[in-house]
Each structure stands twice: as C-alpha cells, then as structure tokens.
Amino acid sequence: ILLFTFVFLDCVHCSMESVKNSDLKSSVNGGVVDVYGEDSATIEHSITPWSLSVSSGYSLLRDPRYNKGLAFSEKERDTHYLRGLLPPAVVDQNLQEKRLINNIRQYQYPLQKYMALTELQERNERLFYKLLIDHVEELLPIVYTPTVGEACQKYGSIFRRPQGLFISLKERGKILDVLKNWHERNIQVIVVTDGERILGLGDLGCQGMGIPVGKLALYTALGGVRPSACLPVTIDVGTNNEKLLNDEFYIGLKQKRATGQEYRDLLHEFMSAVKQNYGENVLIQFEDFANHNAFQLLAKYRDTHLVFNDDIQGTAAVVLAGLVSAQKLTNSPLAEHTFLFLGAGEAGTGIAELIALYISKQMNASVEESRKKIWLVDSKGLIVNSRKESLQAFKKPWAHEHEPVNDLLGAIKAIKPNVLIGSAGIGRSFTKEVIEAMSSINERPLIMALSNPTTQSECTAEEAYTWSKGRAIFASGSPFDPVEYEGSVFVSTQANNAYIFPGFGLGLVISGAIRVHDDMLLAAAEALAGQVSKENYEKGMIYPSFSSIRKISAHIAANVATKAYELGLAGRLPRPKEIVKCAESSMYSPTYRIYR
C-alpha cells in the first residue's frame with residue numbers, strides 16, 4: 001500500500017509539474033493553453049478524463065467538461081463504470097445536437113431557451129459549444145443580447161448554480177483567497193462587472209452576472225478561447241435599485257451601492273489579486289460599469305494591467321469597422337464625413353475617439369484636428385464650447401465652437417452630418433423627421449441605431465429604410481429581420497460587439513500581449529471590415545455574415561497579434577510565421593474526445 005501511494009503521488013507530482021511548466025501548444029483540433037493535454041493530440045487519440053482524480057461512473061456523468069451523455073461508447077461504458085447509469089442506446093454527438101436544437105425550438109419564449117441552454121452548459125460543455133457554434137445566428141440572440149438582458153432582470157428567480165465568482169464587500173481583504181477558490185488555475189480571460197449599468201436596463205446589482213457568463217461563452221464559441229481558461233466575475237458593492245432591494249429573491253447584497261474610496265479600494269484589491277494569482281498576461285475585460293467608473297478604471301489600469309473595456313473599446317472597434325466597410329457604398333472616405341452622435345457616454349465617446357484616431361492616421365493629421373468633424377448630443381443638447389465648464393471630463397474634447405442647439409433634429413439641420421450614430425439608449429429617438437432630415441442631406445445616409453436591447457433601439461430597420469425611401473445604409477445594436485421596400489429586400493446587420501471581442505481576446509492570448517494599445521483596436525476594425533464580401537454589399541450589409549464568425553475571429557486575432565508584435569507588447573516568442581493559421585489551430589474544438 002505504501003509503495004502504491006508513493007508511486008501514485010510521484011505520478012501526480014510529475015503531472016502537476018508538466019501542467020505548471022506547460023507552454024501554449026496547439027494543434028488543428030486544439031485550444032489555447034492545453035494544460036491537461038486534452039487537445040494536444042488528434043481526434044483519434046484517446047485522453048484521460050481527470051480533475052483531481054480520474055473521473056468515472058456517476059461523477060463522470062456529473063462533470064460537464066467530460067460528460068458525453070449517450071455518446072459514451074460501449075468500451076468507455078465498461079472502462080469508466082457507466083454500465084446501468086445510462087440507457088443502452090449509443091448515439092453520436094451530431095444526433096444529440098439535432099435532438100437538442102429541435103427541443104429548444106419548441107419553447108415559446110426566449111428566456112425558456114436561455115434556461116435550457118444554461119442547463120446544457122452545466123451538464124455537457126462540449127455539446128453546448130457545438131450547438132452554439134453550429135447554430136450561432138439562431139442562438140446568439142439567446143445567449144447574448146437581447147435575451148441576456150431579461151435573464152439578468154430575473155436572475156434571482158432563475159438562479160440554479162454559480163457559473164462564476166461573486167466578490168462582495170464581505171470579501172474585503174480576502175479577495176486573493178476567493179480567487180483561489182475557483183477550481184481552474186490557468187485563467188486567461190476574465191470578464192468582470194459591478195452590475196451598475198447592464199445594457200440599457202440600468203442597475204441590476206449582483207444579477208448582472210449573466211453578462212460575464214454570456215460574454216465568456218462567446219469568447220469560447222466565437223473566438224476559440226478554452227472554456228476552462230475563462231472566469232466570469234461579479235463585484236457586488238450593493239445596488240441602488242429599490243425594486244431589487246425589496247425583492248425577497250434578490251441574490252446580492254441588500255444595501256445601497258458603495259462609492260468613493262470604499263469602492264476604489266475594493267476594485268484595486270481585486271485588480272492586484274488577479275495579477276498576483278494569474279500573472280501579467282491575464283486579460284481583464286470591464287463590462288457594464290457606469291460611465292464615471294468605466295472611464296476611471298480604464299485610465300487607471302491600462303498602463304499596469306492587460307485591460308479592455310468592451311463598452312468603450314469593443315463597441316468603438318465594431319462601429320469603426322462598419323464605417324470603414326461602408327465607404328464602398330457611400331463612395332467617399334471617412335475623412336470627408338461629418339459625424340453626429342446621440343449619446344455621449346461610454347459607447348458614444350469611445351466610438352468618437354477611435355474614429356478620430358483612424359482619420360488622423362489616414363490623413364496624417366492630429367487627433368485634435370480630426371475631432372472637429374465629430375459632434376455629440378447629450379441630454380442637454382449639442383456639446384459646444386459654451387457648456388465646457390459644466391461638462392464631465394470625458395465629454396470636454398468634443399465641445400466645439402457653435403451656438404447652442406437643444407435637440408437632435410436641430411443639430412442635424414445645423415451640422416448637416418453624413419453619419420448619424422445612436423448610443424443613448426433612448427428608444428425610438430430617431431423619429432421620422434430625423435431620418436427624413438438625414439435623407440435630405442445625403443444620397444446614402446449612414447444610420448447606426450446601436451442601443452440595445454430592442455426596446456431601446458433608436459429606430460427599427462423597417463423605419464430606417466421606409467422613411468429614407470430605401471436609401472439608408474443601416475446597422476443596429478439589436479437584430480432585425482430583413483425589410484422589403486418597393487420590391488427590394490434590405491438586410492440590415494447587427495453592429496454586434498461579438499464580431500470583435502472574441503477574436504480580439506484570442507489575438508492577445510496567442511501573442512502573450514501584456515498591454516492593450518489603441519492601434520490593436522484599429523487593427524481589429526480593419527480586419528473585420530476586410531471580411532465583408534461583395535454579396536454582403538449587394539444586400540446592403542456593412543458587416544459580414546455571422547455564420548462565418550470563427551473565420552472572422554481568426555483574422556481579427558491574427559491582425560491584433562501582428563500589431564502586438566510590431567509594438568513590442570507580445571510576450572510569446574518566437575513570433576509565428578503564419579499567424580492566421582496559428583490563430584485557427586489555437587481555437588478550442590467542441591468535438592467529443594475518446595476516453596482511454
């Protein structure tokens with residue numbers, strides 16, 4: 001017995017040493033940082049399903065990473081003590097997928113589909129991701145916006161089991177220990193929210209966890225980052241939502257939000273603990289923080305951590321990609337356009353800044369000069385110099401010399417923009433008069449109604465095409481069906497952040513980047529714009545079809561990684577010779593593996 005114990009411990013020690021010292025390796029069917037050797041061989045090779053010990057029997061069926069349900073072979077059922085625990089039928093993964101998608105389509109409400117997919121993810125990880133990858137256009141609105149918004153609103157009622165880490169004020173001084181409670185050690189991407197500004201729905205407190213969970217599901221399905229390398233986190237500092245505070249089913253702290261130094265100290269402890277526990281190269285994505293905190297956190301940590309704010313930077317990159325690709329429809333360069341934004345928060349100012357940076361590089365001009373072509377309207381009207389003293393710091397660069405204008409329609413008539421972008425979360429604010437005014441100024445008005453969920457969209461696709469008499473180039477933050485107008489069918493595309501952040505994150509991971517640089521965002525936008533096909537343009541689309549999202553993500557990852565190497569920010573050497581192939585081969589495959 002003692003001899004067996006020593007041999008076993010020695011084997012475990014060797015295994016853990018190999019995990020600790022492993023490099024980023026990939027194969028055609030592999031995934032990023034394959035520390036357990038699951039995907040380092042081909043599909044035909046067998047692997048050992050293990051966590052702290054070899055999984056077998058009942059525990060194997062309860063382990064979502066290794067569970068295959070009825071797809072366990074006869075040999076696997078014998079080897080892993082599964083006889084009698086499963087019905088006798090053996091079915092392949094494709095048949096399982098077919099049955100599940102048929103079942104999901106039977107549900108009447110999107111939230112029911114969301115809950116069914118969540119249950120599948122908790123039961124059979126590979127089948128969940130295969131289903132999501134193969135039916136991405138159908139299921140994306142379920143696992144992400146708009147359905148995830150409703151899921152967050154009702155999260156306390158539908159909560160079953162934790163899918164990430166909840167770090168609250170109760171954990172002050174112990175956050176490093178909390179991170180060590182998570183069962184995975186090799187984390188590469190963290191998505192974190194404090195729940196204060198969930199989509200266009202406001203303060204949902206602890207129930208905002210649905211956002212990090214959904215985002216990271218897309219990191220895996222669309223960008224190929226291994227699910228075991230992803231960590232959703234919610235920072236719970238309370239909520240100012242009275243409805244939640246009085247809800248007996250609310251799962252978070254029932255107190256008003258902490259602010260000021262107390263808030264900053266908790267976030268700083270979290271950021272320090274993450275770096276200490278996971279190292280320099282872990283990507284921390286800030287998600288759905290309120291404006292004042294979002295800008296401060298990004299400014300504070302962008303020089304010391306690998307941080308990315310999807311609401312500010314991801315939205316900016318995806319919108320810039322649409323504008324770059326739309327040049328083929330407008331037949332004029334961006335530098336000749338005038339831009340008008342409804343909304344001057346995280347998304348609006350982030351997009352505006354990246355547009356200005358892009359134009360400055362195209363025209364070899366200063367960013368300050370390029371900003372003069374970009375105007376913003378907030379709740380008090382057009383942002384102009386006479387308002388500068390009362391403006392928040394992030395709005396001040398957009399205050400230009402002009403007489404005050406109180407409303408959007410007046411601003412359109414005064415500024416005469418070529419591009420109208422909505423990011424204020426005010427539903428139906430692009431009225432018929434607004435669209436008609438844009439159409440009177442431009443032969444092909446470019447209109448982007450970015451707010452979501454659908455109820456917050458500035459206008460619908462049908463309204464944009466009908467009121468512009470079919471001349472608008474339209475994209476939106478929420479999905480809309482194709483529109484038929486006077487015999488022509490217009491297919492609007494969703495300016496969805498999911499085009500950008502999965503591939504962007506993969507590019508940072510495969511290059512071993514230590515910081516995010518604005519030039520990486522430009523590289524990602526250009527890569528996305530380059531994937532729009534002639535067939536897409538003929539349908540009026542300014543984004544590529546989502547059905548090829550993994551190919552798109554690989555090209556975005558390659559562009560981002562290339563830029564990281566050029567800027568000297570990549571830590572993984574030597575530089576791959578063919579970065580697109582490197583990105584493709586690094587992507588997680590959801591295909592079942594054979595167990596020895």
Residues Lys170 and Arg105, FRET efficiency given R0 of 51 Å [Cβ-Cβ distance, rounded to 0.05]
0.75
If I compute solvent accessible area with a 1.4 Å probe over the protein chains, what percent of it on region 246-338 is carbon and sulfur?
46
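Just the accessible area per residue of region 503-548, please: how many Å² with a 1.4 Å probe? If you can, show how the numbers build up before the last one.
Working: 1360 Å² over 46 residues.
For region 503-548, the per-residue accessible area is 30 Å².
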How much FRET efficiency would the formula 1/(1 + (r/R0)^6) give for Lys380 and Val491, where r is the Cβ-Cβ distance and R0 is 35 Å, rounded to 0.05?
0.45
Within the set Lys180/Lys254; Lys373/Lys581; Lys68/Lys113; Lys130/Lys215; Lys413/Lys469, which residue pairs have Cα atoms separated by over 28 Å?
Lys373/Lys581
Leaving out same-chain residues fewer than 8 places away, which aspartates and glutamates sit with a Cα under 18 Å from that of Lys243?
Glu150, Asp194, Glu196, Asp203
Determine the distance separating the Cα centre of region 140-195 from the Cα centre of region 211-267; give it in Å without decimals.
5
Please list, in chain and number order, the residues 5+ apart from Asn442 or on another chain whose amide H is under 5 Å from its amide H, with Hs placed from the backbone.
none
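Is there a pair in Lys300/Lys361; Lys328/Lys563; Lys328/Lys539 whose C-alpha atoms are over 22 Å apart, and which pairs would that be? Present the calculation step by step, with values, prior to reporting the outcome.
Details: Lys300/Lys361 26 Å; Lys328/Lys563 25 Å; Lys328/Lys539 13 Å.
Pairs exceeding the cut-off: Lys300/Lys361; Lys328/Lys563.
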Under the rule of -39500 (n - 2.57) per DSSP H run of 4 or more residues, summed and divided by the residues of the chain, what mean residue ellipticity at 222 nm is obtained, to the nearest 500 deg cm²/dmol?
-12500 deg cm²/dmol
Length gained when the stretch Val90-Asn406 is fully extended (0.36 nm per residue, less Cα-Cα span)
107.0 nm
Need one number: nm distance between label points at Ser440 and Arg62, each 7 Å from Cα along Cα→Cβ, rounded to one decimal.
6.9
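The values are calculated or read from the model by the stated rules, or taken from the named source; none is laboratory data. Given the structure is predicted, the values throughout are model-derived calculations rather than measurements. Cβ sites come from the backbone with ideal geometry, for glycine too, and all protein chains shown count toward neighbours. Please note that ligands, DNA and RNA were not included when accessible areas were found on the heavy atoms of the full protein model with its side chains. Shrake-Rupley method; radii C 1.70, N 1.55, O 1.52, S 1.80 Å.
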